[in-house]
Amino acid sequence: MVDGALTPLQRRQNLVAVIAAMAVTALIYGLSLPLLAFVMNARGVDSLWIGLSAAVQSVGIILVAPFLPKHMSRLGPAILMLGAILVSLVAFLLLPLFTSVASWFVLRFAIGIAGGVLWVCGDTWVNAVATERTRGRVVAVYGVAVAGGFSLGPIVATITGSEGFAPFLVSSAIILLSALPLLPVIGISPSLRGEQAGGLLHYFALARLPMLMGMVYALSEGVLLSFLAIYGLERGLSETRTFYLIAVMGIGGMLGQLPIGWLADHMNRMLLGFFSVLLVAAAAIAIPVAIELPVWSLIVLVVLGAAMMGVYTIGMVIIGEQFKGADLAAAGALYGLMFGAGSILGPVVGGLVVKTLPADGMPFSIAVMYALFLPFPLISVIRARRR
């Protein structure tokens, strides 16, 4: 690790490495959630159990997040991410060999722990390398890569299908690829050493709204990635088309990142968050009307993906603006914990909604969630202007 300031070359090398590694990680995430939901659905597993299975993956994120600041400070993010990649690889290779629901709960829990390490380290690493003048745009480029990975995941699933060993072997090969960019920068990753100002609750008190942005984003993402495909099937769409709709949502997230990042460097970031939340609520309400219309479904899901990813990006930018060094490592871990909490609630809420509410309950639950959160960033902006 580099204890002093990074040189411009080292800064670029770090950004290329973490962005490339996290793009591949996102591809696996975008592939695995709908893939595993399809496999379990084909086996006749109840929708609630499908949701709980996806949720247990996020329990791992919550359990590992509090331990990461100390280890990030001591080992650096690159070493931790390589270890997490190894755990992910082993778990994915075991998924097709153990087919019971109970065994998948255990394996997805392991995948969740590894994913928690990857996401927390990746987000913190990018924020540690970015400068304040261009933080919004740097995080946006990172977001483009991550959203691109998400969008490619379901497309890969349409190629491999959801039967047999092929999708799991392809996933394992892709996981291996994510390790390659990290190897050259092990010795030049940024130092996150120092003393933390307090525990995780201290950082939540200092940055409540951006922390909640991460949680709301993860909650809605968990619902959509786990149940949008099943919702599409129930509305009469083919399996291939439902995978493509998830991919389009990821493409929307990718297309929206650079404009949102530029705006985050040139306007009030919390106000930008308010408009992003508003757009998500509006797009979610439009899903039942647009889902069977080829052109309109693409437009709605592009807007939905762009605005949702914008909420996460803006929260991450605000955290990078507020914290540095060991404090950034702790705040980044809390952001990952909040993401994990949302990811746990998302599939469970989605499973309950699919099981108990009418056919269009899933998209309306997303709209209600964001509508309830909408006043808070606006109140923050108004209070800041009064001060």
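The values are calculated or read from the model by the stated rules, or taken from the named source; none is laboratory data. Since this is a predicted model, take the numbers as computed values, not measurements. With ideal geometry, Cβ positions are generated from the backbone for all residues, glycine too; neighbour counts draw on all protein chains shown. What goes into the accessible areas is simple: the full protein's heavy atoms, side chains included, and nothing from ligands, DNA or RNA. Shrake-Rupley method; radii C 1.70, N 1.55, O 1.52, S 1.80 Å.
Only one residue in VAL64, VAL18, VAL24 is free of Cβ contacts under 8 Å to residues at least 60 places away in the same chain, part of a helix (DSSP H, G or I), buried (at least 19 other Cβ atoms within 10 Å of the Cβ) and within 18 Å of the chain's Cα centre (by Cα), so which one is that?
Going through VAL64, VAL18, VAL24 in turn, the sole match is VAL64.
Quick test for you: out of VAL56, VAL87, pick the one residue that is part of a helix (DSSP H, G or I) and more than 23 Å from ALA145 (Cα to Cα).
The match here is VAL56.
Would you call GLY361 of a type outside the set (D, E, K, R), open to solvent by less than 20 Å² (accessible area, probe 1.4 Å) and without any contact (Cβ under 8 Å) to a residue 12 or more places away in the chain? Step through it out loud before you land on a result.
Working: of a type outside the set (D, E, K, R): yes; open to solvent by less than 20 Å² (accessible area, probe 1.4 Å): yes; without any contact (Cβ under 8 Å) to a residue 12 or more places away in the chain: yes.
Yes.
Could you list, ordered by first residue, the pairs with Cβ atoms under 7 Å in which the first is in the range 198-218 and farther than 30 Å from ALA284 by Cα and the second is surrounded by fewer than 20 Cβ atoms within 10 Å (Cβ to Cβ), at least 6 apart or interchain?
LEU200/PRO66; LEU206/GLN322
Return yes or no: is ARG241 among the basic types (Lys, Arg) and open to solvent by less than 60 Å² (accessible area, probe 1.4 Å)?
In short, no.
All but one of (1) open to solvent by 40 Å² or more (accessible area, probe 1.4 Å); (2) assigned to a loop (DSSP other than H, G, I, E, B) hold for LEU233; state the number of the condition that does not hold.
(2)
Restricting attention to the range 344-353, does a residue exist that is surrounded by fewer than 18 Cβ atoms within 10 Å (Cβ to Cβ), touching a residue at least 24 places away in the same chain (Cβ under 8 Å) and not in a helix (DSSP H, G or I)?
Step one: of the range 344-353, the residues surrounded by fewer than 18 Cβ atoms within 10 Å (Cβ to Cβ) are 352.
If we keep only those that are touching a residue at least 24 places away in the same chain (Cβ under 8 Å) as well, we get 352.
Adding the requirement that they be not in a helix (DSSP H, G or I) leaves none.
No: zero hits.
When both residues are 6+ apart or on different chains and their Cβ atoms are under 7 Å apart, which pairs have a first residue that lies in the range 279-305 and is free of Cβ contacts under 8 Å to residues at least 12 places away in the same chain, and a second that is open to solvent by 10 Å² or more (accessible area, probe 1.4 Å)?
Cβ pairs passing all conditions: ALA290/TRP296; ALA290/VAL300.
Looking at MET254, MET267, can you tell me which residue is open to solvent by 20 Å² or more (accessible area, probe 1.4 Å) and not in a helix (DSSP H, G or I)?
None of the other options fit; the residue is MET267.
With respect to ALA78, determine if the residue is in a helix (DSSP H, G or I), in contact with a Pro (Cβ under 7 Å, 6 or more places away or on another chain) and among the small types (Gly, Ala, Ser).
no
If we keep just the residues of the range 284-306 that are assigned to a helix (DSSP H, G or I) and open to solvent by less than 10 Å² (accessible area, probe 1.4 Å), which is nearest to ARG241 (Cα to Cα)? Working first, answer last.
Here is the first cut: in the range 284-306, the ones assigned to a helix (DSSP H, G or I) are 284-290, 294-306.
In the following step, the residues that additionally are open to solvent by less than 10 Å² (accessible area, probe 1.4 Å) were identified as 284, 287, 290, 297, 301, 304-305.
On the way: ALA284: 19, ILE287: 15, ALA290: 14, SER297: 11, LEU301: 13, LEU304: 17, GLY305: 17 Å.
Here the answer is SER297.
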